[in-house]
Amino acid sequence: MKLLEIIKFSKEYLEKYSFSKSRLESEKVISSVLGIERINLYSNFEMELTTDEKLKIKKILLKMVKQNKDFDEVIKENKKIDEIPNGKDFKKENLILLRKSIGYLKKYKVPNARLDAEYIFSHVLKIKRNALMLNFNIEITEKDKDIIRKYMYRRGKRREPLQYILKEWEFYGYPMNVDERVLIPRSDTEILVEECIKLLASEKFPKILDIGTGSGAIAISLGKQVVQSEVLGVDISEGALEVANSNKEINLARNVEFLKSDLFENINYKSYDLVVSNPPYIPLEEYEGLMPEVKGYEPKGALTDEGDGYYFYKKITEESWDYLRKGGYLAFEVGYNQGEKVAQMMEKKGYEIIARVSDYGGIERAILGKKV
């Protein structure tokens, strides 16, 4: 049972026996057993409780009902420390384990070692990362410690990407399944999504085509944000499309569809309002020098065109013209030094460049053009 279900059950149980503040009392019981401050219970509502934790909660509830006393009175009367749930504070022990984990990741030169360690702990313990320290006095079972050690080994010695270890990541506020079949969604790409949303603000029922959809992160985010839209994401990889469809389901993106297609090969509709793409753009010579997390695990075909990095920009710029309505938009994510050349390609085809957008570090990330 998840934490929210336990709270509901406990509240209803105390109500049955006429406790006037049943919710408050049930929250006190559960926060004591879990070692979580009562105010933070609902931020961890998906947390799975162990059998031992559920038995402790049940024991206290039974004692409260049998004695007809509230939680504070029952706890006050307990003289033996083992009668009080979680009498031991595990925070010091847990902090030592976290510190050792961070040191292990640093030993293998993992960037952002502390952040990655916290993500692993919060994932295993089913606690939101920003609430981890507030709830760090809970007992970590030997089973969970073993999982943490395995994850640290994968992240440290093997340098496997954190996102592939966790099998999930967030993009534009939406949860995304990720594995080795797809490129990991990156925050830089959220800039492209944001600009596309602005472009479509005045469109009533826009039709959107996402070329090289991968995990479906761009297509799904646009579909969720532009609710009256129809979105089609295409990719040549069947594995990527399986991941994209799983993300469609977990995000309930009913206005998004996915199709296997080599660029525009299987696209029949030819009046889209927006064609958007984050294509493989890393030049082959730069690919060889990528970090081990990227080069060793992420799909090569989603990263590089095995040439100068411009192959897909040329192809999509050329072919998209026939699939956009007049006044429709073409939007690209670009590499750190590719903006000028991509903009020139688009202008040569006939697109009017309406925006060139940089990230917070001043690096150009998105080029947007209009078919005129």
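The values are calculated or read from the model by the stated rules, or taken from the named source; none is laboratory data. If you're wondering where the values come from, they're calculated on a predicted model, not measured in any experiment. Cβ sites come from the backbone with ideal geometry, for glycine too, and all protein chains shown count toward neighbours.
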Task: Ala113 free of Cβ contacts under 8 Å to residues at least 12 places away in the same chain, assigned by TED's automatic domain parsing to the domain that holds Arg365 and surrounded by fewer than 21 Cβ atoms within 10 Å (Cβ to Cβ) - done: no
TODO: Only residues in the stretch 41-59 that are more than 15 Å from Phe9 (Cα to Cα) count as the first member; pair them with residues that are β-branched (Val, Ile, Thr) and not in a helix (DSSP H, G or I), Cβ under 6 angstrom, at least 6 apart or cross-chain, and list the lot.
DONE: Asn44/Ile127
TODO: Report the residue count in the stretch 27-70 for those that are at pLDDT below 75 and small (Gly, Ala, Ser).
DONE: 2
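Please go through the stretch 242-282 and give me each residue that is of a type in the set (Ser, Thr, Tyr) and crowded, with 21+ Cβ neighbours inside 10 Å, ordered by number.
Our first condition is that a residue be of a type in the set (Ser, Thr, Tyr); within the stretch 242-282, this holds for 246, 261, 269, 271-272, 277, 281.
Those that are of a type in the set (Ser, Thr, Tyr) and crowded, with 21+ Cβ neighbours inside 10 Å: Tyr272, Ser277, Tyr281.
Any idea which of Gly369, Gly335, Gly327 is buried (at least 16 other Cβ atoms within 10 Å of the Cβ) and assigned to a strand (DSSP E or B)? Walk me through it before giving the result.
Values: Gly335 fails: assigned to a strand (DSSP E or B); Gly327 fails: buried (at least 16 other Cβ atoms within 10 Å of the Cβ).
Sole residue among the options that is buried (at least 16 other Cβ atoms within 10 Å of the Cβ) and assigned to a strand (DSSP E or B): Gly369.
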TODO: Of the numbered conditions (1) within 15 Å of Phe171 (Cβ to Cβ); (2) out of contact with any helix residue (DSSP H, G or I) (no Cβ under 8 Å at 6 or more places or on another chain); (3) surrounded by 21 or more Cβ atoms within 10 Å (Cβ to Cβ), Ser221 fails exactly one; give the number of that condition.
DONE: (2)
Task: Qualifying positions in the stretch 300-315 - surrounded by 20 or more Cβ atoms within 10 Å (Cβ to Cβ) and at positive phi - done: Gly309
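Just checking, which of Leu132, Leu192, Leu183 is hydrophobic (A, V, I, L, M, F, W, C), surrounded by 16 or more Cβ atoms within 10 Å (Cβ to Cβ) and free of Cβ contacts under 8 Å to residues at least 60 places away in the same chain?
Testing whether each residue is hydrophobic (A, V, I, L, M, F, W, C), surrounded by 16 or more Cβ atoms within 10 Å (Cβ to Cβ) and free of Cβ contacts under 8 Å to residues at least 60 places away in the same chain leaves just Leu132.
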- [ ] Grab the helices (runs of 4 or more DSSP H) fully contained in the stretch 208-319, keeping just those with 3 or more residues being within 27 Å of the chain's Cα centre (by Cα).
- [x] 217-225, 238-250, 292-297
Open item on the list: With the structure loaded, tell me whether Phe19 is of a type in the set (Phe, Trp, Tyr) and in contact with a strand residue (DSSP E or B) (Cβ under 8 Å, 6 or more places away or on another chain) or whether it fails that test.
Closed with: no
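Identify all residues within the stretch 166-225 that are of a type in the set (Ser, Thr, Tyr), touching a strand residue (DSSP E or B) at 6+ places or on another chain (Cβ under 7 Å) and modelled with pLDDT under 95; write none if there are none.
So the first thing to find is which residues in the stretch 166-225 are of a type in the set (Ser, Thr, Tyr), and the list is 172, 174, 187, 189, 202, 213, 215, 221.
Now restrict to residues that are touching a strand residue (DSSP E or B) at 6+ places or on another chain (Cβ under 7 Å): 189, 213, 215, 221.
Those that are of a type in the set (Ser, Thr, Tyr), touching a strand residue (DSSP E or B) at 6+ places or on another chain (Cβ under 7 Å) and modelled with pLDDT under 95: none in the stretch 166-225.
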- [ ] Could you tell me whether any residue of the stretch 351-361 is polar (S, T, N, Q), within 28 Å of Tyr164 (Cβ to Cβ) and in the same structural domain as Val178 (by TED's automatic domain parsing)?
- [x] no
TODO: Quickly run through the stretch 11-52 and pick out the residues that are over 22 Å from Ala131 (Cα atoms), hydroxyl-bearing (Ser, Thr, Tyr) and under 32 Å from the mean Cα position of the chain (by Cα).
DONE: Thr51
